[in-house]
Amino acid sequence: MIKITFPDGTVRDYKAGITGLELAKDISPALAREVLSVTVNGEVTDLTRPINSDASIRLHKWDDEEGKHTFWHSSAHLMAEAIEQLWPGTKFGIGPAIENGFYYDIEPGNGHELTDDDLILIENKMKELASRNQPIERREVSKQEAIAYFTKKGDEYKLELISELEDGTISFYSSGTFVDLCRGPHLPSTEPIKAIKVLSLAGAYWRGDEKRKMLTRVYGITFPKQKMLDEYLAFLEEAKKRDHRRIGKELELFTFSPKVGMGLPLWMPRGAEIRASLINFLTSILKKRGYKIVATPHIGNVNLYKTSGHYEKYGESSFRPISTPQEGEQFMLKPMNCPHHCEIYNATPHSYKDLPLRMAEFGTVYRYEQSGELHGLTRVRSFTQDDAHHFCRPDQLREEFKSIIDLVLYVFRLLNFNEFTAQVSLRDPDHKEKYIGTDENWERAERDIIEAAAEMNLSTVVETGEAAFYGPKLDFMVKDAIGRKWQLGTIQVDYNLPERFDLTYNGSDNQKHRPVMIHRTIFGSMERFVAVLIENSAGKFPLWLAPDKAVILPISEKYNDYAKNVLELLNNSDICTLIDERSEKIGKKIRDNELKRIPYLLIVGEKEEQTGTISVRRQGEGDKGTMKPEEFIKYIKEEIKREIAV
RNA sequence: GCCGAUGUAGCUCAGUUGGCCAGAGCAGCUGAUUUGUAAUCUGCAGGUCGGGGGUUCGAAUCCCUUCAUCGGCUCCA
């Protein structure tokens with residue numbers, strides 16, 4: 001007998017060799033029908049694997065990430081089986097579950113090139129295979145046997161994967177006719193896979209290396225119920241309506257012009273208004289927190305970037321230097337503001353008493369992103385960072401870093417940005433050549449970040465290989481409408497640039513000391529932040545950010561004069577207001593202006609003119625009653641004050 | 001940059017196997033209407049069918065090329 005500990009702490013005796021599925025059946029037949037995988041002593045495994053010794057277990061249903069993961073992983077195998085039957089000789093790379101669904105990287109047999117038309121073929125084949133309720137079976141194999149199998153099959157991708165595995169840890173899973181090298185876990189059979197959608201095709205480099213062959217990646221998603229698939233597809237449709245590129249066009253916030261150049265955003269008046277409001281908002285907070293605002297040029301001598309190390313790292317792959325009539329003289333569009341800020345630091349002597357020094361700039365930078373990477377406002381070639389650099393003594397670093405975390409959290413809270421992930425981005429210890437600086441400084445900086453975050457009780461995820469080339473970062477990530485993650489704020493500890501620029505301060509010992517630098521942004525860039533703001537609000541901005549606060553809708557042209565009086569009154573009170581003088585019915589005017597997401601619609605007709613009032617309608621909410629314009633001004637100002645109660 | 005897809009009016013989209021002057025709705029402009037809380041009616045105008053080249057008696061439609069966009073990959077100081 002073995003002892004099984006359940007998540008609620010109860011311990012029960014079972015005979016050795018019992019499986020997760022049998023445990024579920026023992027609890028209830030209903031659970032057995034829904035359970036997808038089981039965690040045994042912290043490892044997620046198959047429901048059909050015998051448990052031979054005392055263990056604590058957790059059964060996973062669809063609602064658990066582990067359950068979904070198992071479901072989609074098995075679905076990837078099902079898709080592979082379908083593809084292999086449709087195009088024999090297909091070679092398979094990897095086929096994991098992802099956040100929403102799964103993919104498989106393949107090289108179709110006989111040189112077949114997959115097109116979108118093939119997606120439906122794959123989908124139908126999958127449905128056919130799934131309906132057979134084939135068991136998915138695990139088999140442990142020796143390395144030799146594994147190599148023999150895939151050598152015979154002629155699949156060099158699997159062979160490469162096997163070559164990196166230890167003998168004795170290799171397992172095969174078979175479902176129907178398809179046998180795959182796989183660690184698992186999997187469903188006991190394909191029976192639960194009821195709803196299937198093969199979504200899209202994409203190219204993906206083998207092992208993520210752009211120097212290696214590009215395989216075809218097939219994306220799909222499956223569900224245990226058709227209704228869930230329908231809901232998911234409906235969600236994707238809905239999300240498209242929140243796409244910032246679409247809303248940006250609808251609400252005339254920004255545009256791009258091929259004549260200006262791809263990836264170079266043009267802010268239209270309404271978008272520029274939002275951008276300016278955000279800058280003003282942040283500037284007022286920065287001043288309260290002891291920042292000094294600076295301004296620097298959009299170009300810098302190429303030697304500046306040779307000193308900083310950016311030229312060596314990015315010089316070849318970015319905008320080319322600008323030549324001047326002066327022989328040998330070259331300038332570059334600035335790809336970041338830090339070197340300029342270092343030179344501001346160097347312009348004056350610094351005492352240990354002056355530090356920390358916080359230097360902020362809304363600095364526009366230029367980076368030659370590859371054409372395929374451009375994406376609306378989130379990935380552009382010219383953008384304005386809400387950049388700042390803190391120059392501090394080593395003993396101040398921890399507190400300084402923590403104060404920035406506090407600032408980021410404070411701003412996010414004011415803006416109702418609750419769904420973010422704090423990510424500690426460390427260097428890849430296997431590829432140290434990609435980074436500059438000494439091991440000692442790197443280890444120190446990484447420790448600083450991890451400990452500062454911990455002291456702030458910030459829950460973080462750690463990603464290795466995501467650091468900047470000069471230092472580790474704490475990144476604040478948020479999701480867009482369809483769940484893609486974007487980095488907004490970032491805080492970076494840097495021991496390198498102070499050395500490269502020979503930054504110093506005089507210590508109490510009257511000796512020269514080296515300050516530490518922290519790079520940080522809150523929004524990341526104005527462009528990306530506005531994009532994320534649009535996607536999260538669906539274009540319905542909080543009142544204080546709305547470019548136009550109100551629109552006056554006269555019932556008929558007879559009341560246009562009265563409407564203009566009100567308009568003047570509101571605009572003179574700093575409430576940006578429009579007027580809709582068209583000869584349309586009031587219902588039409590309301591509809592059109594509701595769709596423009598203007599927060600307040602002010603209706604004036606005979607009644608209002610006679611009593612000197614306006615009828616107030618809140619966008620998305622409806623009629624709020626009648627009030628005097630003066631009352632409305634007070635009302636709206638109160639609301640704005642509440643929204644950004646700093 | 002790479003893989004796949006797309007590109008028709010300001011916007012959203014139709015356009016059959018190549019065949020008369022390329023269509024609709026919305027937006028715009030006209031005129032009528034003077035309206036009370038999510039679409040009043042009339043008329044008009046608007047497109048070298050992304051650009052360039054080719055095949056053909058004939059191309060939005062087929063081929064080549066180029067640019068841009070979309071979904072991924074790679075990249076993201």
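The values are calculated or read from the model by the stated rules, or taken from the named source; none is laboratory data. As the structure is a prediction and not an experimental result, all values here were calculated from the model. All Cβ positions, glycine included, derive from the backbone under ideal geometry; neighbour counts span all protein chains shown. Heads up: the accessible areas ignore ligands, DNA and RNA and are worked out on the full protein's heavy atoms, side chains in. Shrake-Rupley method; radii C 1.70, N 1.55, O 1.52, S 1.80 Å.
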Worksheet entry | Residue tally, condition exposed (fewer than 12 other Cβ atoms within 10 Å of the Cβ) and part of a helix (DSSP H, G or I), over the stretch A:112-140 | 4
Worksheet item: If you scan the stretch A:594-640, which residues turn out to be more than 9 Å from RNA strand B (Cβ to nearest atom), in a helix (DSSP H, G or I) and either closer than 18 Å to A:D548 by Cβ or not assigned by TED's automatic domain parsing to the domain that holds A:V566 (or both)?
Response: A:P629, A:F632, A:I633, A:Y635, A:I636, A:K637, A:E639, A:I640
Worksheet entry | Lone qualifier among A:I555, A:I614 - being hydrophobic (A, V, I, L, M, F, W, C) and out of contact with any Asp or Glu (no Cβ under 6 Å at 6 or more places or on another chain) | A:I555
Worksheet entry | Given (1) open to solvent by less than 20 Å² (accessible area, probe 1.4 Å); (2) near RNA strand B (Cβ under 9 Å from one of its atoms); (3) among the charged types (D, E, K, R), index of the condition A:R379 fails | (1)
Worksheet entry | Boolean, A:L497 is of a type in the set (A, V, I, L, M) and within 10 Å of RNA strand B (Cβ to nearest atom) | yes
Discussion item. Just checking, does the stretch A:100-111 include any residue being surrounded by 20 or more Cβ atoms within 10 Å (Cβ to Cβ) and away from RNA strand B (no atom under 16 Å from the Cβ)?
Written reply: no
Practice prompt. Answer yes if at least one residue in the stretch A:229-241 is in a loop (DSSP other than H, G, I, E, B) and not hydroxyl-bearing (S, T, Y), and no otherwise.
Written response: no
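Residue check: is A:Q396 assigned to a helix (DSSP H, G or I) and of a type in the set (S, T, N, Q)?
So A:Q396 fits the description; yes.
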Practice prompt. Hand me the list of helices (runs of 4 or more DSSP H) wholly inside the stretch A:253-331 holding 3 or more residues that are away from RNA strand B (no atom under 15 Å from the Cβ) and not β-branched (V, I, T).
Written response: A:269-288
Discussion item. Please verify whether A:D386 is open to solvent by less than 20 Å² (accessible area, probe 1.4 Å), out of contact with any His (no Cβ under 9 Å at 6 or more places or on another chain) and not hydroxyl-bearing (S, T, Y), treating the condition exactly as stated.
Written reply: yes
Practice prompt. Return only the number of the condition from (1) assigned by TED's automatic domain parsing to the domain that holds A:M126; (2) within 14 Å of RNA strand B (Cβ to nearest atom); (3) not basic (K, R) that A:D243 does not satisfy.
Written response: (1)
Worksheet item: Among A:A563, A:A546, which is the only one that is over 30 Å from A:L282 (Cβ atoms) and either modelled with pLDDT of 95 or more or open to solvent by 60 Å² or more (accessible area, probe 1.4 Å) (or both)?
Response: A:A563
Worksheet item: Do any strands (runs of 3 or more DSSP E) entirely within the stretch A:5-88 hold 1 or more residues that are open to solvent by 50 Å² or more (accessible area, probe 1.4 Å) and charged (D, E, K, R), and if so, which?
Response: A:11-14, A:43-45, A:55-60
Response to the item:
Reported set for the stretch A:194-224 where residues are touching a Lys or Arg at 6+ places or on another chain (Cβ under 8 Å), over 30 Å from A:K61 (Cβ atoms) and either open to solvent by less than 60 Å² (accessible area, probe 1.4 Å) or among the acidic types (D, E) (or both) is A:L201, A:A202, A:G203, A:A204, A:W206
Worksheet, complete the sentence: All-but-one check, A:G290 against (1) on the phi > 0 side of the Ramachandran plot; (2) modelled with pLDDT under 95, failing number (2)
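Determine which member of the set A:T348, A:T438 is polar (S, T, N, Q), open to solvent by 50 Å² or more (accessible area, probe 1.4 Å), at pLDDT 95 or above and over 25 Å from the mean Cα position of the chain (by Cα).
Details: A:T438 fails: at pLDDT 95 or above.
One residue alone meets the criteria, A:T348.
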Fill in: Residue in the stretch A:362-376 that is farthest from RNA strand B (Cβ to nearest atom), counting only those that are surrounded by 20 or more Cβ atoms within 10 Å (Cβ to Cβ) and within 19 Å of A:G489 (Cβ to Cβ)
A:F362
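Just name the residue that is farthest from A:L357 (Cα to Cα) out of those in the stretch A:469-507 that are aliphatic (A, V, I, L, M) and open to solvent by 20 Å² or more (accessible area, probe 1.4 Å). Quick ask: steps written out before the conclusion?
Narrowing the stretch A:469-507 to residues aliphatic (A, V, I, L, M): A:474, A:477-478, A:481-482, A:488, A:491, A:493, A:497, A:503.
Those left that are additionally open to solvent by 20 Å² or more (accessible area, probe 1.4 Å): A:477, A:482.
On the way: A:M477: 27, A:I482: 40 Å.
Among them, the one singled out is A:I482.
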Practice prompt. Report those strands (runs of 3 or more DSSP E) wholly inside the stretch A:461-557 carrying at least 1 residues which are in contact (Cβ under 8 Å) with a residue 60 or more places away in the chain, of a type in the set (G, A, S) and touching a Ser or Thr at 6+ places or on another chain (Cβ under 7 Å).
Written response: A:485-494, A:516-525, A:550-554
Worksheet entry | Cβ-Cβ under 9 Å pairs, at least 6 apart or on other chains, the stretch A:308-333 side under 22 Å from A:E373 (Cβ atoms), far side in a strand (DSSP E or B) and of a type in the set (V, I, T) | A:M332/A:I299; A:M332/A:I322; A:L333/A:I299; A:L333/A:I322; A:L333/A:V365
Worksheet item: Right, A:G587: in a helix (DSSP H, G or I), open to solvent by less than 70 Å² (accessible area, probe 1.4 Å), within 14 Å of RNA strand B (Cβ to nearest atom) and not β-branched (V, I, T) or not?
Response: yes
Worksheet entry | Check on A:T177, away from RNA strand B (no atom under 16 Å from the Cβ), open to solvent by 10 Å² or more (accessible area, probe 1.4 Å) and polar (S, T, N, Q) | yes
Fill in: Pairs, first without any contact (Cβ under 8 Å) to a residue 60 or more places away in the chain in the stretch A:61-82, second assigned to a helix (DSSP H, G or I) and of a type in the set (V, I, T), C-beta under 6 Å, six or more apart
A:A82/A:I122
Worksheet item: Here are some conditions: (1) more than 13 Å from RNA strand B (Cβ to nearest atom); (2) assigned to a loop (DSSP other than H, G, I, E, B); (3) surrounded by 13 or more Cβ atoms within 10 Å (Cβ to Cβ). A:D574 meets all but one. Which one does it not meet?
Response: (3)
